[in-house]
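Every read-out reported here was derived from the displayed coordinates using simple, explicitly stated rules and does not represent laboratory data. Not measured: the values here are computed from a predicted model. No Cβ is skipped: glycine too gets one built from the backbone with ideal geometry, and neighbour counts run over all protein chains shown.
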Amino acid sequence: MQYKFQRLFAPRVKRVSAIAIGLLIIFIAFQVLTRGMRFMRDTGMSPGTLLRLAFDSGAPLKMADDRTNILLLGIPGGSRPGADLTDSMMVLSFHHKTKTLTLISLPRDIWSDTLKDKINSAYHYGEEKRQGGGLVLAKVVAEDIVGTPIHYGLVIDFSGFRRVIDDAGGIDVAVAQGFTDADFPIEGKEEDLCDSDPKFRCRYESIHFDAGTQHTDGTTALKYVRSRHAEGEEGTDFARGRRQQEVIVALKEKLTNPATWMRFGQNNTLLQSLDAATDTDMNLGEVLTFGKLASRVAEKFIQRVSIEDQLMTPPLWMYGGKYVLTPKEDFVKLHEYVKKIL
């Protein structure tokens, strides 16, 4: 009887098992395909992109007139007041045909008719509206200034910027002009009463940089780019813009040097630091593609641009007592100037 039962039901059990296994395989395949498609959609990392990254250019990038333009924003970060006001704004423009990179610094005090405020507040106002809105608004405002499409945005949180440089082993900065800043604010002492000192001198320190190439850690590099109170020309926003360009070029040189990534455990640590210190609207494929293209640009093919000569300081009463910068003529002329450069 038992033998007859086994003969009768064994084939059915095998068929059910086969169906179950088949369904399981289909389910796993569906999950792999779905997650793979989601990963490719979110990151831009398709098999074709991987092949192009390995042997050609990489993912397709947005561009206009053979240029891809990225707005680079630097914010103080942390929990201090004004943590999301941009200390620095810079347009990175890569020309795909000539393989050149142009850096255009945008002084933070330029007046924006769109914002009815300085351009360094664009990211703050956008983030107030919604998370991620800061990049959207900042890109619109930057387009108003330079008159050319801004395809992507990248935010660097300076509170994490130091760790990136430290994890990379420091950078070699070519200091164009030495300076002393006797009023550099000390982090964490913004509200210190300084034992009733009316000048609050305990809130500040004196920093100095000599001209020439200097190896700097993250803290020193950050002081170099953020200094605002040096005497003479180095105390201007235009000088700060130049110093920011110098550090960006130095960091680019360091991050594209294979030796930076060869230390044991360095890859993961440095990647984590970069991820924590940055935010962007580029997907992973676009980031890797632009990074690959920019890494191939020799320093002699990097053009550093200041729009200082195109700006003026209007009377304070015209803008509610605020120190601002406006075009000497109008934004149309400024756009023409930028177009000639590019």
In order over the range 332-342: 3J(HN,Hα) from phi, Karplus 6.51/-1.76/1.60, θ = phi - 60°, whole Hz, x for each Gly or Pro, gives 4, 5, 5, 4, 5, 4, 5, 4, 5, 5, 7
What's the ranking of 131-139, 202-210 by average number of surrounding C-beta atoms within 10 Å, highest first? 131-139, 202-210
Order by neighbour count: Glu128, Glu191, fewest other Cβ atoms within 10 Å first, most last. Glu191, Glu128
Measuring from centroid to centroid over Cα atoms, what is the spacing of the range 113-190 and the range 249-299 in Å? 18
Applied in sequence order to the range 154-161, the curve 6.51 cos²θ - 1.76 cosθ + 1.60 (Karplus, θ = phi - 60°) yields integer Hz couplings, x standing for Gly and Pro, of 9, 9, 10, 8, 4, 5, x, 4
For the range 105-222, with the dipole built from +1 on Lys and Arg beta-carbon atoms and -1 on Asp and Glu ones, taken about the Cα centre, which of Val173, Phe161, Ile186 lies farthest toward the positive end? Phe161
Using mean Cβ contacts within 10 Å as the protection proxy, how do 332-338, 183-189 order, highest first? 332-338, 183-189
Skipping prolines and chain starts, which residues have an amide H placed within reach, meaning under 5 Å, of the one on Gly153, given they are 5 or more residues away or on another chain? Leu71, Asp281, Met282
